[in-house]
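The values are calculated or read from the model by the stated rules, or taken from the named source; none is laboratory data. Here the structure is a predicted model, which is why all the values come from computation and not from measurement. Every residue, glycine among them, receives a Cβ derived from its backbone with ideal geometry; neighbour counts consider all protein chains shown.
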Amino acid sequence: MASGPADHPFGARAAISLVAAGFEPLPAVADAADDGDGPLDWPGYARDRARARTDSGEDESVLCGTARIGAHAVVVISFDFRYIGGSVGERAGALICQALAEARRRHCPVVSLIATGGSRMQEGMRSLRQLQRIAAECARNAEIGVPHVAVLRNPTAGGLWASLGAGADVVVALQGATVAFAGRRVRGDLHDTDDFRAEGKYGTGQVDLLVSPADARGVVTDLVDLLAPAAGRRRAGGVPAPVPRALGRTDLPPDGWSAVRRARDADRPRARAYLDDYFDVRVAISGDRAGGVDTGMLCGIGRRDGRTVAYAAQTGTANTPAGFRTATRLVHLADRLGIPVLTLIDTPGAANDESAERAGVGPAIAGLFAAIAGARVPVTTLVIGEGGSGGALALASPDRLWITPDGYFSVIAPHAAAAILKRAETDAPALAAQFRLRPQDLLEDALVRGIAGATVVCPTRSESRSVTGTSHVPGLPDKTVVASTY
């Protein structure tokens, strides 16, 4: 049976029903011109719009209103590609801006369901100018912490991809969808390679999630559920994310070289194990939105004990500039929405090869330092393995830093130090001792606030104690605690 106007795969209402329920349209925009052949007196434009209304069953290329996703009220902006290719002119732009302003008034998330060829050429610059108007409304929403999730349908092209889609807090793309700034006819190319599809955009860090239409409802529901409580939160302050419990060894290393070897043990628990243990549910974000992805930096948003927490976690590899930029994007997002941040440190250091230098590893690390230093939300950090130099410190909270018994933190890795000092590689163990990089050394020197889940020998009293809760260590300042948070 052929699909009708309401359930057509290119239709605005079909897209809404894919992820939401209880849709109610917003009032029609009364002040946008909709007469004759338009502002340019374009021949046949009135006829084209009349045919588009018949084909789509809609009055415009976008359908905007309120709906429910899970337990939350949202504002939805849904495009109908059957209406002149989902293009945006003055009236469609006014509808989108009205919807974005309504989300701001209600302080509820925006979910945009995009399928468009871009600006409507029959309205000339009046159409193109809508991109600025839409971007301005999105910026106003971001300023007060209104979350925005964009779902890229087939096709998503032109200025609306750039102004509404790519700027969303989280970008979800449907598998197989064409996603490109320029469509085939503009490019003069009849074929779409992966560079012009959702798969390519995901692979180059321009979208966060690649999902099938069947999975879209679950993914969008999880995202709205995680982000919706953030709408309306105070942008500063908040309760910090709890320190994760240690999943590895609880005894402390006897010397510096033992600490390094433990941190490099292939069987030690890694970031994914910590995230699985910590969160009840989590959704990843991926990529730096500038063409790069680093699988060694896991970023996303999750729920723990009913609270939303953002996370950035290193996986034990040398992070690339894309990884640092993705973490920076995560921290900025959390700060805008008032979400506390958890970071997990585990890296031998930043990538230092030619490709990393060409991609701007120095500026990328600088951006992450600045994001964490300037964050108004609390950042909690746990070192779960290697803490190698600036590549690790970039992810560290300046005032809420803990370490596990099988972690270390050092100004530089001992082997690299031996090379710099023109000493033999066999001198690395001695250098490890000189660096005072063990968890207990860092605690004694007040460089970390505590050791998660350890059996600690107190540095000042040689007093052994097994910690089962968050406890003060006798003889140390109040700020240095041993934390076991479960």
Qualifying residue in segment 421-433 (condition: crowded, with 24+ Cβ neighbours inside 10 Å and of a type in the set (Val, Ile, Thr)): no
Unique residue being surrounded by fewer than 17 Cβ atoms within 10 Å (Cβ to Cβ), touching a residue at least 24 places away in the same chain (Cβ under 8 Å), of a type in the set (A, V, I, L, M, F, W, C) and closer than 20 Å to Val309 by Cα when the list is Ala446, Ala373: Ala373
Residue pairs meeting the criteria (Cβ under 6 Å; at least 6 apart or on separate chains; first within 17 Å of Val88 (Cβ to Cβ), in segment 43-59; second surrounded by fewer than 16 Cβ atoms within 10 Å (Cβ to Cβ)): Tyr45/Asp37
Options Arg304, Arg282, Arg261, Arg245; residue that is under 28 Å from His415 (Cα atoms) and of a type in the set (Lys, Arg): Arg261
Total residues in segment 54-83, condition among the aliphatic types (A, V, I, L, M) and either modelled with pLDDT under 95 or outside the structural domain of Val220 (by TED's automatic domain parsing) (or both): 1
Identity of the residue in segment 415-437, part of a loop (DSSP other than H, G, I, E, B) and of a type outside the set (Gly, Ala, Ser), that ends up nearest to Leu382 (Cα to Cα): Leu437
Boolean, Ser389 is polar (S, T, N, Q), assigned by TED's automatic domain parsing to the domain that holds Arg270 and surrounded by fewer than 22 Cβ atoms within 10 Å (Cβ to Cβ): yes
Test result for Ala142, under 24 Å from the mean Cα position of the chain (by Cα) and part of a helix (DSSP H, G or I): yes
Members of segment 376-393 found to be touching a helix residue (DSSP H, G or I) at 6+ places or on another chain (Cβ under 9 Å), touching a residue at least 40 places away in the same chain (Cβ under 8 Å) and either farther than 26 Å from Thr250 by Cα or assigned to a helix (DSSP H, G or I) (or both), listed by number: Arg376, Val377, Ser389, Gly390, Gly391
Qualifying residue in segment 344-351 (condition: in a strand (DSSP E or B) and out of contact with any Gly (no Cβ under 6 Å at 6 or more places or on another chain)): yes
Any hit, segment 10-20, residues being over 18 Å from Leu100 (Cβ atoms), within 34 Å of the chain's Cα centre (by Cα) and modelled with pLDDT under 90: yes
Test: residue in segment 152-169 that is at pLDDT 95 or above and more than 28 Å from Ala284 (Cα to Cα): no
Ile384 surrounded by fewer than 24 Cβ atoms within 10 Å (Cβ to Cβ) and aliphatic (A, V, I, L, M): no
Number of the condition not met by Ala139 [criteria: (1) at pLDDT 95 or above; (2) in contact with a His (Cβ under 8 Å, 6 or more places away or on another chain)]: (2)
Conditions (1) surrounded by 20 or more Cβ atoms within 10 Å (Cβ to Cβ); (2) part of a loop (DSSP other than H, G, I, E, B); (3) hydrophobic (A, V, I, L, M, F, W, C): number failed by Ile412: (1)
Residues of segment 96-116 classified as of a type outside the set (A, V, I, L, M) and buried (at least 24 other Cβ atoms within 10 Å of the Cβ), total: 3
Failed item, numbered, when Gln440 is tested on (1) surrounded by 24 or more Cβ atoms within 10 Å (Cβ to Cβ); (2) out of contact with any helix residue (DSSP H, G or I) (no Cβ under 6 Å at 6 or more places or on another chain); (3) outside any loop (DSSP other than H, G, I, E, B): (1)
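The rows are residues; the columns are (1) outside the structural domain of Pro398 (by TED's automatic domain parsing); (2) surrounded by fewer than 24 Cβ atoms within 10 Å (Cβ to Cβ); (3) closer than 25 Å to Ala142 by Cβ; (4) without any contact (Cβ under 8 Å) to a residue 40 or more places away in the chain.
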position: Gly302; (1), (2), (3), (4): no, yes, yes, no
position: Thr315; (1), (2), (3), (4): no, yes, no, no
position: Ile345; (1), (2), (3), (4): no, no, no, no
position: Ala356; (1), (2), (3), (4): no, yes, no, yes
position: Ala359; (1), (2), (3), (4): no, yes, no, no
position: Phe369; (1), (2), (3), (4): no, yes, yes, yes
Qualifying residue in segment 321-343 (condition: among the charged types (D, E, K, R) and either in the same structural domain as Asp225 (by TED's automatic domain parsing) or not in a helix (DSSP H, G or I) (or both)): no
Which listed residue, of Ala246, Ala263, is buried (at least 19 other Cβ atoms within 10 Å of the Cβ), closer than 15 Å to Ile345 by Cβ and in the same structural domain as Ser389 (by TED's automatic domain parsing): Ala263
Segment 267-325 - residue that is under 24 Å from Ala150 (Cα atoms) and among the basic types (Lys, Arg) and, of those, farthest from the chain's Cα centre (by Cα): Arg307
Segment 25-40 residues that are at pLDDT 85 or above, paired with ones that are outside any loop (DSSP other than H, G, I, E, B) and surrounded by fewer than 16 Cβ atoms within 10 Å (Cβ to Cβ) (beta carbon under 6 Å, 6 or more apart): Leu40/Gly124
